[in-house]
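A.B. asks: Please find one structure pasted underneath; my questions will follow.
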């Protein structure tokens with residue numbers, strides 16, 4: 001059974017939810033619960049964003065012993081240096097670099113040509129590699145990037161020393177077929193792809209984040225990035241609990257599983273909801289109050305006779 005690594009970004013992308021602001025103590029409390037849940041990597045924040053964020057990432061890095069702690073960084077030396085400072089004391093530090101790659105971002109945000117994007121990203125990866133053995137690189141808005149250029153960017157990242165290449169559907173634009181096809185194309189065409197992990201980072205703007213993450217797994221993704229309860233920027237991120245239970249419930253189909261302690265999911269969900277102030281909708285998959293409640297008489301009758309008539313997981 002193939003293992004899918006879980007990269008939790010509740011403390012970084014999740015905290016970017018409008019109205020959410022976690023203090024240092026709250027970040028550490030959530031991080032320790034994520035450690036109990038068994039996530040592999042915890043993205044603790046964006047150290048260059050503010051002194052408070054740097055201190056928060058450092059507090060998490062010192063508290064957590066059994067998960068890799070990740071700091072986000074733009075492809076700039078000062079950001080990389082901020083992550084170095086923040087991850088002092090981490091047992092297993094990792095830096096997550098990003099630079100946009102799509103035509104719309106290159107033209108309007110970066111005002112850079114393709115070759116400039118490649119040069120800037122390569123320089124950042126090589127600089128980070130001097131200080132970190134684990135380097136993840138994300139071509140931001142990969143979902144709207146030309147496939148041939150995305151192959152070129154991925155190959156460059158591998159050559160420069162990245163250990164994980166993440167393919168973000170930054171704006172939640174893609175369908176599962178399109179997103180899965182990106183992973184298939186990279187697997188088939190990029191030299192050295194077998195030496196790194198491919199990661200999937202999806203947003204839920206069109207309600208397809210979980211479906212897209214699962215499509216990535218079916219096409220070779222090694223890692224899924226997401227948040228507890230699916231919180232995050234705009235409509236949120238892939239809900240980690242949904243991916244984990246989909247893999248668990250449909251093992252014969254996916255032939256893959258996470259290393260999560262599934263009995264900790266409800267506790268983790270409630271803690272994140274309480275500390276972020278973001279209530280979980282009653283009809284939310286897996287962790288909603290109604291997820292295992294039955295109203296219709298026909299359903300109740302079936303449940304009394306045999307639970308599996310209407311419940312697919314315990």
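The values are calculated or read from the model by the stated rules, or taken from the named source; none is laboratory data. Bear in mind that the values here come from a model prediction, so they are computed numbers and not experimental data. Glycine also receives a Cβ, built like all others from the backbone with ideal geometry; neighbour counts cover every protein chain displayed.
A.B. asks: Can you tell me which residues in segment 265-301 are within 30 Å of residue 180 (Cα to Cα), surrounded by fewer than 17 Cβ atoms within 10 Å (Cβ to Cβ) and in contact with a helix residue (DSSP H, G or I) (Cβ under 8 Å, 6 or more places away or on another chain)?
C.D. replies: The answer is 285, and nothing else.
A.B. asks: Condition (residue is modelled with pLDDT of 95 or more, surrounded by fewer than 24 Cβ atoms within 10 Å (Cβ to Cβ) and out of contact with any helix residue (DSSP H, G or I) (no Cβ under 7 Å at 6 or more places or on another chain)) applied to segment 209-221: is it met by at least one residue?
C.D. replies: Within segment 209-221, none of the residues are modelled with pLDDT of 95 or more, surrounded by fewer than 24 Cβ atoms within 10 Å (Cβ to Cβ) and out of contact with any helix residue (DSSP H, G or I) (no Cβ under 7 Å at 6 or more places or on another chain).
A.B. asks: Could you run through segment 91-116 and say how many residues are touching a helix residue (DSSP H, G or I) at 6+ places or on another chain (Cβ under 6 Å) and under 17 Å from residue 133 (Cα atoms)?
C.D. replies: 2
Here's the yes/no breakdown for (1) under 21 Å from the mean Cα position of the chain (by Cα); (2) within 18 Å of residue 160 (Cβ to Cβ):
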residue	(1), (2)
102	yes, no
110	no, no
115	no, yes
132	yes, yes
141	yes, no
149	no, yes
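A.B. asks: Search segment 39-64 for residues that are on the phi > 0 side of the Ramachandran plot and pair each with any residue that is assigned to a strand (DSSP E or B) and at pLDDT 95 or above when their beta-carbon atoms are under 6 Å apart and the residues are at least 6 apart or on different chains.
C.D. replies: none
A.B. asks: Continuing with this model, one more query. Check residue 191 against each of (1) crowded, with 18+ Cβ neighbours inside 10 Å; (2) in contact with a helix residue (DSSP H, G or I) (Cβ under 7 Å, 6 or more places away or on another chain) and name the one condition it does not meet.
C.D. replies: For residue 191, the exception is condition (1).
A.B. asks: Hey, does segment 279-299 have a residue that's on the phi < 0 side of the Ramachandran plot, in a helix (DSSP H, G or I), at pLDDT 95 or above and touching a strand residue (DSSP E or B) at 6+ places or on another chain (Cβ under 8 Å)? Walk me through it before giving the result.
C.D. replies: We begin by selecting, within segment 279-299, every residue on the phi < 0 side of the Ramachandran plot; these are 279-285, 287-299.
Filter once more, keeping what is in a helix (DSSP H, G or I): 297-299.
Narrowing further to those that are at pLDDT 95 or above: none.
Checked segment 279-299: no residue is on the phi < 0 side of the Ramachandran plot, in a helix (DSSP H, G or I), at pLDDT 95 or above and touching a strand residue (DSSP E or B) at 6+ places or on another chain (Cβ under 8 Å).
A.B. asks: Enumerate the pairs (first residue in segment 139-152 and in contact (Cβ under 8 Å) with a residue 12 or more places away in the chain and on the phi > 0 side of the Ramachandran plot; second residue anywhere and in a loop (DSSP other than H, G, I, E, B) and surrounded by fewer than 21 Cβ atoms within 10 Å (Cβ to Cβ)) with beta-carbon separation below 8 Å, excluding pairs fewer than 6 apart on the same chain, so at least 6 apart or on different chains.
C.D. replies: Matching pairs, first to second residue: 141/171.
A.B. asks: Let me ask something else about it. What number of residues within segment 224-246 satisfy the criterion of being within 19 Å of residue 198 (Cβ to Cβ) and crowded, with 24+ Cβ neighbours inside 10 Å? I'd like the intermediate steps shown before the answer.
C.D. replies: So the first thing to find is which residues in segment 224-246 are within 19 Å of residue 198 (Cβ to Cβ), and the list is 224-226, 237-238, 240, 243-244, 246.
Checking which are crowded, with 24+ Cβ neighbours inside 10 Å leaves us with 224-226, 237-238, 240, 243-244.
Of the residues in segment 224-246, 8 are within 19 Å of residue 198 (Cβ to Cβ) and crowded, with 24+ Cβ neighbours inside 10 Å.
A.B. asks: Follow-up. So if I check each of 266, 221, which one is in a loop (DSSP other than H, G, I, E, B) and either within 13 Å of the chain's Cα centre (by Cα) or closer than 15 Å to residue 38 by Cβ (or both)?
C.D. replies: On the way: 266 fails: in a loop (DSSP other than H, G, I, E, B).
After applying the criteria, what remains is 221.
A.B. asks: Quick one: residue 251 ticks every box in (1) surrounded by fewer than 20 Cβ atoms within 10 Å (Cβ to Cβ); (2) more than 15 Å from residue 19 (Cβ to Cβ); (3) touching a helix residue (DSSP H, G or I) at 6+ places or on another chain (Cβ under 6 Å) bar one, so which box is it?
C.D. replies: With respect to (1) surrounded by fewer than 20 Cβ atoms within 10 Å (Cβ to Cβ); (2) more than 15 Å from residue 19 (Cβ to Cβ); (3) touching a helix residue (DSSP H, G or I) at 6+ places or on another chain (Cβ under 6 Å), residue 251 is out only on (3).
A.B. asks: So in segment 1-12, with the set limited to residues that are part of a loop (DSSP other than H, G, I, E, B) and out of contact with any helix residue (DSSP H, G or I) (no Cβ under 8 Å at 6 or more places or on another chain), which one is nearest to residue 222 (Cα to Cα)? Step through it out loud before you land on a result.
C.D. replies: Pass one, segment 1-12, residues part of a loop (DSSP other than H, G, I, E, B): 1, 4, 9-12.
Going one step further and asking which of them are out of contact with any helix residue (DSSP H, G or I) (no Cβ under 8 Å at 6 or more places or on another chain), we end up with 9, 12.
Details: 9: 16, 12: 21 Å.
The residue in question is 9.
A.B. asks: Can I ask one more? Taking the options 136, 155, name whichever one is within 19 Å of the chain's Cα centre (by Cα) and either buried (at least 24 other Cβ atoms within 10 Å of the Cβ) or part of a helix (DSSP H, G or I) (or both).
C.D. replies: Only one candidate passes the filter, namely 136.
A.B. asks: While we're on this one: Filter the helices (runs of 4 or more DSSP H) completely within segment 13-106 down to those with at least 3 residues that are more than 20 Å from residue 237 (Cα to Cα) and in contact with a strand residue (DSSP E or B) (Cβ under 6 Å, 6 or more places away or on another chain). So that I can check it myself, show each step before the final result.
C.D. replies: Working: elements: 24-37, 51-63, 77-86.
Per the criteria, 51-63, 77-86.
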